[in-house]
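Read through the structure below, which is laid out as structure tokens, and then see the notes.
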Amino acid sequence: MAQVPAEAVSSEREVTPVITVSPVAQELSEALLDTDGPPEAELEAVGQLLYFHRQAFGENPVGDNGDIVAALSGQNAKLAAWIAPGCDAVVNGQLVDRWGTPYWFHAMSGREMEIRSAGPDREQFTDDDLFLSPVSR
């Protein structure tokens, strides 16, 4: 990738940062809504997204679902994206499960994250919820 010296960039022109999309982004983005497989596989794909972020930054992204999606989509210090642009699992800026409900993220530490899907009834914290806990690999 070509580097442009800072002094070569005119201060009169606004430079748009370039986000680098990870080679695994498309595969993971497709796995997020693979309704042919078990819903647990989608949770594993979300866990993999967090894993790649941890590898790059040493910790999970922080905030709510929208903040986490932004960080995984390239709005981070390294401009690295693990969610492919146009991913159908991102709706209104939030990562959703196969039933269209936003995932619930609970940071247990900087490296551990519980991920919860509301399940078929689309209500969090009921008997049909699916969760991956903790995610720290």
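Read-outs: derived from the displayed coordinates by stated rules, not from any lab. Remember, it's a predicted structure, so these values are computed and weren't measured experimentally. Neighbour counts run over all protein chains shown; Cβ positions are idealised from the backbone, glycine included.
Extension gain for Ser133-Leu33 works out to 34.0 nm (0.36 nm per residue, less the C-alpha to C-alpha distance).
Its residues counted as N, the chain yields a C-alpha radius of gyration over 2.2 N^0.38 Å of 1.16. From helices alone, the chain scores -7500 deg cm²/dmol at 222 nm; the rule is -39500 (n - 2.57) for each run of n ≥ 4 DSSP H residues, then divide by the residue total. Which residue, Ala71, Ala41, Ala81, tops the fluctuation ranking in a GNM of the chain built on C-alpha contacts under 10 Å? In this elastic network of the chain, the residue with the biggest mean-square fluctuation among Ala71, Ala41, Ala81 is Ala41. Using a 7 Å offset from Cα along Cα-Cβ at Glu59, what residues in segment 88-113 end up with backbone N under 20 Å from the label point? From segment 88-113, the list is 105-113.
Which residue fluctuates the most in the chain, going by a Gaussian network model with Cα springs under 10 Å, if the choices are Val69, Val90, Val18? Greatest mean-square fluctuation among the candidates belongs to Val18.
Residues Tyr51, Tyr103 in ascending order of nearby Cβ atoms (within 10 Å, fewest first): Tyr51, Tyr103. The string of couplings for segment 15-21 from the Karplus curve (6.51, -1.76, 1.60, θ = phi - 60°) is 9, 8, x, 9, 8, 8, 8 Hz, one whole number per residue in order, with x for Gly and Pro. Charges were assigned to the Cβ only: +1 to each Lys and Arg, -1 to each Asp and Glu. The resulting dipole of segment 49-114 about its Cα centre is roughly 200 debye. For the chain, modelled as a GNM whose springs connect Cα atoms under 10 angstrom apart, the maximal fluctuation among Thr101, Thr35, Thr16 occurs at Thr16.
Multiplying the residue separation of Met108 and Gln124 by 0.36 nm and subtracting their alpha-carbon distance yields 4.0 nm.
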